[in-house]
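K.L.:
Starting off with a structure, shown below.
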Amino acid sequence: MNIVAIAGSSSPHSYNKRLLEFMQQHFADDDIRVISTRGLPMFSEDDPLPESVKEIGEAIAAADAVIIAAAEYNHSLTSSLKSLLEWLSSDVHPLTGKPVFLIGASTHAQGGARAQIHLRDILLSPGVQAEVFQDEEFFLGDVRNAFDDQGNLMDEGTVKFLEKCYHEFLAYAKTVNQVKGGQADA
Ligand SMILES: Cc1cc2nc3c(=O)[nH]c(=O)nc-3n(C[C@H](O)[C@H](O)[C@H](O)COP(=O)(O)O)c2cc1C
């Protein structure tokens, strides 16, 4: 499966990006492209779609599915991720009908759960209309102690649960794509 994985982080050393890079290695049968929202231009209604955002929109439109790993800032998602979603719900709507799996990592115990709640609402709004996977939720708390030096998740139970969530999401994405078949508009 061709998947775009977005780290919704404004950090140059993002743990959420690291989690997606682990998934890219671990689920190597799928083609997972990892991108970050760090440094993207802030949404402005007056400005044309920036080239960097246009390219992300086209990648999403061409993908079978999207994973968003959302960093949590002040009990919500980062401004850089929110801004990307504003760009992608204005002139172009590549997330419409697209299967999306939400995950998150945080240095705190809750693993970014509150950011995910806000993100889910945004993705279900009329301007976005993504098909958000609801059956599982993946939150990685205390993330500073989660990876080894090679970037692998160290806890076997966490890896098993991530595998379960991921494979259930792939099945969901296949079903959504069969029913909806290419609604995206980049
Ligand atoms: C401005 C700011 C606000 C934060 N607020 C929260 C928060 O509300 N909840 C939380 O779990 N972590 C919070 N954190 C800690 C983040 O979980 C931590 O920085 C994490 O590494 C962010 O993910 P990233 O590494 O992918 O950027 C905050 C961090 C910053 C810089």
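All of the numbers you see were taken from the coordinates with simple rules; none came from a lab. What you see is a predicted model, and the numbers here were worked out from it, not measured in a lab. Note: ideal-geometry Cβ built from the backbone for every residue, glycine included; neighbour counts use all protein chains shown.
K.L.:
Amide H to amide H under 5 Å from L140: which residues, 5+ apart in sequence or cross-chain, H placed 1.01 Å off N in plane?
P.N.:
Amide H neighbours of L140: G104, A105, S106.
K.L.:
Given the -39500 (n - 2.57) contribution per DSSP H run of 4+ residues, what per-residue ellipticity at 222 nm results for the chain, rounded to the nearest 500 deg cm²/dmol?
P.N.:
Value at 222 nm, helices only, nearest 500: -12000 deg cm²/dmol.
K.L.:
Here's something else I'd like to know. Just how large is the dipole of the chain about the Cα centre, in debye to the nearest 20, putting +1 at every Lys and Arg Cβ and -1 at every Asp and Glu Cβ?
P.N.:
So the magnitude is around 220 debye.
K.L.:
Could you pull out the pairs from K17/K180; K82/K174; K54/K98; K17/K98; K160/K180; K54/K160 whose alpha carbons sit more than 25 Å apart here?
P.N.:
Over 25 Å Cα-Cα: K17/K180; K82/K174; K160/K180; K54/K160.
K.L.:
So, one more: Using a simple spin-label model with points 7 Å from Cα along the Cα→Cβ vector, what separation in nm is obtained for M1 and K160?
P.N.:
If labels sit at M1 and K160, their model points lie 2.2 nm apart.
K.L.:
Still on this structure, I have one more. Which peptide among 50-58, 3-11 comes first, and what is the full order, when sorted by highest mean count of other Cβ atoms within 10 Å?
P.N.:
Going from most to least packed, we get 3-11, 50-58.
K.L.:
Moving on. What is the helix-to-structure angle for 113-123, meaning the angle in degrees between its Cα long axis and the longest Cα principal axis of the chain, kept from 0 to 90 and rounded to the nearest 10?
P.N.:
The helix 113-123 is inclined about 20 degrees to the chain.
K.L.:
Please name whichever of S79, S125, L162 sits farthest to the positive end of the charge dipole of segment 2-179, dipole taken about the Cα centre and charges placed at Cβ: Lys and Arg +1, Asp and Glu -1.
P.N.:
S79
K.L.:
Another question about this same structure. Stick to the Cα atoms of the chain, pair each with every other, and give me the Kirkwood hydrodynamic radius in Å at one decimal.
P.N.:
16.3
K.L.:
Taking R0 as 22 Å, what's the FRET efficiency between H167 and A62 from their Cβ-Cβ distance, rounded to 0.05?
P.N.:
Between H167 and A62 the formula returns 0.45.
K.L.:
So how tilted is helix 51-62 from the main axis of the chain? Cα-based, degrees 0 to 90, rounded to 10.
P.N.:
Once rounded, one gets 80 degrees.
K.L.:
Now for a separate question. Applying the Karplus parametrisation 6.51 cos²θ - 1.76 cosθ + 1.60 with θ = phi - 60° to the phi angles of segment 80-97, what ³J(HN,Hα) value in whole Hz is obtained for each residue in order, glycine and proline being reported as x?
P.N.:
5, 6, 4, 5, 4, 5, 5, 4, 8, 9, 10, 7, 10, 9, x, 8, 4, x
K.L.:
Treat each spin label as a single point 7 Å out from the Cα along the C-beta direction, and report the Q129 to S79 distance in nm.
P.N.:
Rounded to a tenth, the inter-label distance reads 3.1 nm.
K.L.:
To the nearest 0.05, how large is the calculated FRET efficiency for D149 and I117 if R₀ is 35 Å and r is the Cβ-Cβ distance?
P.N.:
Calculated value: 0.60.
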